[in-house]
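Just below is one structure, and these are the notes that go with it.
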Amino acid sequence: MTTEDNLGLKAFREAPYSKGRQLVPAAFKTRGKDLIAQYDIRGVVPGLPIRLLSGGNLQKALLAREVEMQPKILIARSPTRGLDVGATEAVRNSILRERQRGTGILLMSEDLDELLALSDRLIVLYEGEIVGELTARMATAERLGLLMAGQKDGGN
């Protein structure tokens with residue numbers, strides 16, 4: 001599937017992407033080009049299969065496709081794992097924009113810096129049980145580390 005088509009995937013039931021039961025390929029291409037520019041998805045030439053994008057650009061493309069549908073909740077699992085600095089910043093900024101828009105964000109990550117930068121509230125699980133809940137203001141890497149190791153009071 002091309003990158004442009006994949007970016008239009010979620011909107012296929014809406015005008016101008018479909019007329020009745022007929023898809024409008026030109027509308028998909030236009031939407032794809034717009035999202036590629038808006039989300040700074042690099043290395044895309046017309047018709048490029050999405051599977052050929054680099055990791056960072058693939059992450060940006062998938063995030064663009066999802067957030068453009070204005071979800072009420074966004075679930076992100078390790079959204080920046082393995083990405084370069086530029087792609088990491090772009091993905092984190094997109095998540096922050098969604099939060100400011102009022103979208104509920106469920107972020108699951110092992111990256112403490114990412115959790116501290118993007119979270120309002122943190123819940124730590126250890127062996128399938130909640131061992132702590134902190135506001136972002138109360139959270140430190142040390143407290144989170146202790147909770148992640150199963151220490152229920154997080155050092156308090």
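See the values below:
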item	result
Length added when fully stretched, Asp34-Ala15, from 0.36 nm per residue minus Cα-Cα	5.2 nm
Qualifying trypsin sites (Lys or Arg not before Pro) in the range 76-156, DSSP loop, other Cβ atoms within 10 Å at most 12	Arg137
Ordering of 46-58, 19-31 by burial proxy (mean other Cβ atoms within 10 Å per residue, highest first)	46-58, 19-31
Cβ-based charge dipole, the range 3-119, positive-most Cα from Leu116, Leu58, Asn93	Leu58
Environment charge at Pro46 (Cβ cut-off 10 Å; Lys +1, Arg +1, Asp -1, Glu -1)	+1
Amide H contacts of Leu74 (H built 1.01 Å from N, under 5 Å, at least 5 apart or other chain)	Gly104, Ile105, Leu106
Extension gain, Leu96 back to Ala149 (0.36 nm per residue minus Cα-Cα distance, nm)	16.3 nm
Relative contact order %, the chain, counting alpha carbon pairs below 8 Å whose residues are six or more apart	15
Alpha-carbon centroids, the range 48-78 and the range 90-114: separation in whole Å	13
For the range 9-19, 3J(HN,Hα) per residue [Karplus equation, 6.51 cos²θ - 1.76 cosθ + 1.60, θ = phi - 60°, Hz, x = Gly/Pro]	3, 5, 9, 5, 8, 9, 6, x, 7, 8, 10
Under Karplus coefficients 6.51, -1.76 and 1.60, residue-wise ³J(HN,Hα) of the range 62-69 in Hz, glycine/proline x	5, 5, 4, 4, 6, 6, 5, 8
Assigned charges on the beta-carbon of Lys, Arg, Asp, Glu; the range 3-119 dipole about Cα centre (debye)	580
Nonlocal amide H pairs with Ser18, under 5 Å, H built at 1.01 Å	Val24
Nonlocal amide H pairs with Gly132, under 5 Å, H built at 1.01 Å	Val124
Rg/Rh (Cα only; Kirkwood hydrodynamic radius) as it applies to the range 3-119	0.99
Calculated from backbone phi, Karplus (6.51, -1.76, 1.60) coupling profile of the range 83-99 in Hz, x at Gly/Pro	8, 6, 4, x, 5, 4, 4, 5, 5, 4, 5, 5, 5, 5, 4, 5, 4
Long-range tail of P(r) for the range 63-123 (Cα pairs > 17 Å, %)	31
Estimated FRET transfer efficiency when R0 is 35 angstrom, pair Gln70-Glu129 (beta carbons, to 0.05)	0.55
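Every read-out reported here was derived from the displayed coordinates using simple, explicitly stated rules and does not represent laboratory data. Keep in mind the model is a prediction, meaning the values are calculated, not measured. Note: ideal-geometry Cβ built from the backbone for every residue, glycine included; neighbour counts use all protein chains shown.
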